[in-house]
Amino acid sequence: MTDREAIADLWNQIERLETPELRGVFDADPSRLDKMVMSEAGIRFDFAKTHLTDTSLALFLRLTEAVDFEVKRAAMFAGEAINVTEGRAVEHSAERGEGKAQSVDIARASHARMRTLIDAIEAGALGEIRHVLHVGIGGSALGPDLLVDALAREAGRYDVAIVSNVDGVALEEAFKGFDPRYTLLAVASKTFTTTETMLNANSAIQWMREGGVEDPFGQVVALTAAPEKAMEWGVDETRILGFAESVGGRYSLWSTIGFPAALALGWDGFERLLEGAAAMDRHFRHANPMENVPLRAAFIDQYYARALRCQTRAVFAYDERLRLLPSYLQQLEMESNGKSVKADGTPVYGPTAAITWGGVGTDAQHAVFQLLHQGTHIVPVEFIAVTEAGDALDPAHHEALLVNCFAQGAALMQGRENAADPARAYAGNRPSTTILIEDLTPESLGALIAFYEHRTFANGILMEINSFDQFGVELGKEIAKSIEKNGAKGFDPSTMALIDIALGDI
Ligand code: F6P
């Protein structure tokens, strides 16, 4: 058998796996909890209520070997150009201190510049700053937004608004709460060419001018891997915080793109975030496949995608502070692994990334959980909860939150028979994973996000795809530019009519 045939054979075996009955798995294997619950960096990953068994695990471990997981993992940390379609290394872990020595040094130097600028801002070098208006989109907004929303609620150092949408309503809303004289504008764009971000940045400059700021560019910081473009746009070199081209947009919150979080949390908080991520890096980098948490999670993702043909996976944060996690994960997972070809350009075998969706508990219970319990789709669910309460109210709040979270996982698995009244019956046997964090701190959030990054990469390795390009976003951008330049002519009748009705002659 060639290597290729061996991989195809393993996938065939995975697809033909029998689905065990979840209710029986604990009786069948009294050591299931030991085998299927893993702990790393203060986070408990409970995979016990999934259908993964010793048999399927063994097959995935063979697949891991067949696809050279360990070689590919080492290549990423060694700074090799594993993003083959763009000829680039993948070095977000270097931002946390794990990777090629030279890249780690470059990341440290760029963090040192960021720290110096933050100190200067705090010392009043840019005048009195009360508000931070961060404009960026995709990876240049989702990560910072998650960090600020999760960790800086009480820090109270600055009011931070992160604006991504090109819809002016978003920017106007941010303007309402801010005084332009005391606003620092952070323009975050890896390429510094993204249309939405540049339009928002230009409108923010105009708002500052109209608000009486004589030199608005004096209150601008650029976060980018294209410093020359930021300079061309008007930012002074001393306020351009660069980062390496090898840090992908959706993996960039650790770089200077995390500037608003570093400002809002304070430098110590930002460093603690990096340390938490580095702990997960070291685990992913060195743990053997059997004990590797992100890899185990990827096995489960692949099991549901291939063996049970699940098209979606749902993530519910049972913690208000993590309400932005599902949208952050949507970009991370879907932009990374939503591909149809492998890294070598040949068609991918079977379905790739599941569609990631989700929300916040307990809200989602009263909105979408009906389908999870009784619908015809099987949706692997991921619950994320935090043991320590984030609020200081009556402990009944946090208790109710956790009780509900755990009850949902149990209900999905157990189900309930009701032969007399089928509308009230629950099939059960529905899978879930519970991620339980001791306390939501910069360290634990850093470790959690790094876990998701490595899980995404591990999924990519198993599917043999390049998780680090995103050419699928380009065609729509090109067509939008062409419409802006040449109008509706040449498009299909439906598109032409829409443009004509809503935009007239553009
Ligand atoms: O269009 C997709 C994308 O390229 C993402 O990958 C990226 O995070 C986002 O746009 C923003 O890009 P930039 O940081 O270059 O503005």
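For Ile240, the residues whose modelled amide H falls within less than 5 Å of its own, excluding neighbours fewer than 5 places apart on the same chain, are Ala222. Its relative contact order, with pairs defined as Cα atoms under 8 Å and 6+ residues apart, puts the chain at 19 percent.
Placing dummy labels 7 Å off each Cα toward the beta-carbon, the span from Arg130 to Met496 is 5.4 nm. Loop-located trypsin sites (Lys or Arg not before Pro) in the stretch 210-268 (DSSP state not H, G, I, E or B) with no more than 16 neighbouring Cβ atoms inside 10 Å do not occur.
The number of Lys pairs in the chain with C-alpha atoms less than 23 Å apart, excluding pairs fewer than 8 positions apart on the same chain, is 16.
Its relative contact order, with pairs defined as Cα atoms under 8 Å and 6+ residues apart, puts the stretch 175-322 at 16 percent. Restricting attention to the chain, close to 25% of DSSP beta bridges with both partner residues there are antiparallel. Helix 442-463 axis versus longest C-alpha principal axis of the chain: approximately 60°, rounded to the nearest ten.
Phi-derived couplings, Karplus 6.51 cos²θ - 1.76 cosθ + 1.60 at θ = phi - 60°, listed residue by residue for the stretch 173-187: 4, 5, 4, 4, x, 10, 9, x, 5, 10, 9, 9, 9, 9, 9 Hz, with x used for Gly and Pro.
Of the residues Val213, Val160, the one with the fewest other Cβ atoms within 10 Å heads the list, and the complete ranking is Val213, Val160. A simple spin-label model places pseudo-atoms 7 Å from Cα toward Cβ; at Val37 and Met231 they are separated by 5.7 nm. Rounded if a/c is under 1.5, else prolate if a/b beats b/c, else oblate: with a ≥ b ≥ c from the C-alpha gyration tensor eigenvalues square-rooted, which is the stretch 135-230? It comes out rounded by the Cα gyration axes.
Near Ala161: Cβ cut-off under 13 Å, other residues only, Lys/Arg at +1 and Asp/Glu at -1. The net charge is -4. Between the residues Leu253, Ser56, Ala89, the greatest Cα displacement towards the positive end of the dipole of the chain, with unit charges on the Cβ of Lys, Arg, Asp and Glu, is found for Ser56.
Calculated FRET efficiency, Thr116 to Glu417, Cβ-Cβ distance, R0 = 45 Å: about 0.10 to the nearest 0.05. Projecting the Cα atoms of Gly460, Pro422, His398 onto the charge dipole of the stretch 378-506, computed from C-beta unit charges around the Cα centre, puts Pro422 farthest toward the positive end.
Rounded, prolate or oblate: which fits the stretch 411-506 when a ≥ b ≥ c are the square roots of the eigenvalues of the alpha-carbon gyration tensor, with rounded for a/c under 1.5 and prolate only if a/b beats b/c? The shape class here is oblate. Counted by neighbouring Cβ atoms within 10 Å, the residues Phe383, Phe457 run from fewest to most as Phe383, Phe457. Let me make sure I get this right: for the stretch 100-265, a, b and c are the square roots of the gyration tensor eigenvalues over alpha carbons, sorted descending. Under 1.5 in a/c it's rounded, otherwise prolate if a/b > b/c, else oblate. Which is it? Cα axes put the stretch 100-265 in the rounded bin. The slack in the chain from Arg23 to Lys176, taken as 0.36 nm per residue of separation less the alpha-carbon distance, amounts to 49.7 nm.
May I ask you to derive the relative contact order of the stretch 100-265, considering only C-alpha pairs under 8 Å and at least 6 residues apart, and to give it as an integer percent? With pairs under 8 Å counted, the relative contact order is 31 percent. Rounding to the nearest 10 and keeping the result within 0 to 90°, find how far the Cα-based axis of helix 195-210 lies from the longest principal axis of the chain. For helix 195-210, the angle is close to 40 degrees. The charge dipole of the chain, taken about the Cα centre with unit charges on the Cβ atoms of Lys, Arg (+1) and Asp, Glu (-1), comes to about 700 debye, rounded to the nearest 20. Using a simple spin-label model with pseudo-atoms 7 Å out from Cα toward Cβ, Asp159 and Ala392 lie 2.2 nm apart. Between the listed residues Thr433, His283, Trp267, the Cα displaced farthest toward the positive end of the dipole of the chain, a dipole computed from Cβ unit charges relative to the Cα centre, is found at Thr433.
Output the 0 to 90 degree angle, nearest 10, between the alpha-carbon long axis of helix 493-503 and the longest principal axis computed from the alpha carbons of the chain. On a 0 to 90 degree scale, this one is about 40.
Ranked by how many other Cβ atoms sit within 10 Å of their own Cβ, fewest first, the residues Trp11, Trp267 fall in the order Trp267, Trp11.
Each value in this text was obtained by applying a stated rule to the coordinates, not by laboratory testing. Here the structure is a predicted model, which is why all the values come from computation and not from measurement. Cβ sites come from the backbone with ideal geometry, for glycine too, and all protein chains shown count toward neighbours.
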